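Take a look at the structure set out below.
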Amino acid sequence: MQITEGFMPFGEYQTYYRVAGHINGAKKPLLLLHGGPGSTHNYFEVFDCLAEDGRAVVMYDQLGCGKSSMPDCPELWTARTWLDEMIALRKHLELESLHILGQSWGGMMLIMYMCDENPSGVASIILASTLSSAKLWEQECRRNIRLMPKEQQAALLDAEQTGDYGNPAYLQAVDEYLERYLLDLSGNPNMPECFSRKKNFGKQSYECAWGRNEYKPTGTLKDYEYSDKLHAIKSPALITSGVGDESTPLQCKLMLDSIPQARWELFAHSQHLSFLQEEGKCRQLLRDWLAEHD
């Protein structure tokens with residue numbers, strides 16, 4: 001399989017991209033928007049297999065992480081920066097007609113793109129373990145936290161009140177939260193190499209845009225509220241999530257009810273990364289969805 005890597009100039013910076021397959025193949029390309037902000041494209045390499053039958057799979061590291069520029073520039077880390085970067089990449093690679101998948105933060109960006117930019121040529125979208133409201137996300141995360149041991153709940157609350165995010169009790173509680181709702185590695189000992197590979201995580205971009213932890217948005221995305229705009233999405237939308245996901249059934253049901261042409265697939269044995277935890281099922285679901293909407 002052909003793998004093409006390159007860099008796109010973006011203002012004074014550069015954006016790394018990676019393409020599996022041929023962009024001018026027989027099928028519409030799939031563009032992938034990773035989570036974070038700051039998480040990198042790495043885990044998306046499990047989707048290379050989708051390029052085996054004539055569909056290019058395009059992924060990239062958003063500005064502020066991975067192999068892309070990582071400037072020390074807190075004022076850059078806004079949704080507008082990353083939307084402009086994605087629009088520029090689509091133009092740079094001449095992705096005139098395509099499908100787009102956004103996972104977690106990438107799904108937030110995809111919702112903003114579809115609602116605010118009204119783009120042409122988007123055959124379908126996939127909203128993977130994502131959200132349409134930062135306020136509802138925090139509400140649901142705090143509900144999940146109430147299921148954790150009392151001492152860990154107290155450690156999380158104490159960090160918020162004191163601003164001490166280096167306390168060992170807080171760090172242990174955060175690890176427990178991530179194991180419960182992001183990814184339990186103990187139940188998935190054979191993660192693919194692309195996931196375990198060392199990456200340049202965008203700590204500054206994450207904390208400036210989102211916050212110090214998953215459950216409380218305090219950065220430039222804290223006022224992200226798109227639930228009332230979802231009706232503007234005209235492309236067919238596949239919503240996916242896991243039973244143990246941070247993206248809870250309440251959040252997914254809201255998106256399902258609000259997007260005109262939407263379908264929701266709930267993965268019974270997954271948390272926030274169903275394409276890793278139920279890779280075979282997810283891969284077949286995507287193959288069928290993309291073929292249906294080419």
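Laboratory data are not the source of any read-out in this text; all were calculated from the coordinates shown. Note that the coordinates shown come from a computational prediction; the quantities given were computed from them, not determined experimentally. Don't worry about glycine lacking a Cβ; one is built from the backbone with ideal geometry, like all the others, and counts go over all protein chains shown.
Most tightly packed first, judged by the mean number of other beta-carbon atoms within 10 Å of their residues, the peptides 126-137, 164-175 read 126-137, 164-175.
Extension gain, residue 193 to residue 1: 0.36 nm times the residue separation minus the Cα-Cα distance gives 67.4 nm.
Ordered by the number of other Cβ atoms lying within 10 Å of each residue's own Cβ, fewest first, 191, 255 fall into the sequence 191, 255. Only alpha carbons enter this Debye calculation for region 1-146, each as an equal point scatterer, and the log10 of I(q)/I(0) it gives at q = 0.12, 0.20 Å⁻¹ is -0.49, -1.28. Each helix, a run of at least 4 DSSP H residues, gives -39500 (n - 2.57); summed and divided by the residues of the chain, these come to -10000 deg cm²/dmol at 222 nm. Which angle between 0 and 90 degrees, to the nearest 10, do you get for helix 134-145 versus the longest principal axis of the chain when only C-alpha atoms count? Helix 134-145 and the main axis of the chain meet at about 50 degrees. What whole number of Å gives the distance from the Cα centroid of region 101-132 to the Cα centroid of region 142-185? If you average the Cα positions of each part, the centres end up 29 Å apart.
Just one of (i) 21; (ii) 13; (iii) 58 is percent of Cα pairs over 35 Å apart calculated from these coordinates, so which is it? Label of the calculated value: (ii).
Packing here is the average count of other Cβ atoms within 10 Å per residue, and on that basis the peptides 66-76, 21-31, highest first, run 21-31, 66-76. Restricting region 165-207 to trypsin sites (Lys or Arg not before Pro) that sit in a DSSP loop and have at most 15 other Cβ atoms within 10 Å of their own Cβ leaves 197, 198. Counting only residues at least eight positions apart within a chain, or on another chain, the lysines with an alpha carbon under 23 Å from that of residue 229 are 135, 216, 253.
Rounded to the nearest 0.05, the FRET efficiency derived from the C-beta distance between residue 176 and residue 26 at R0 = 41 Å is 0.30.
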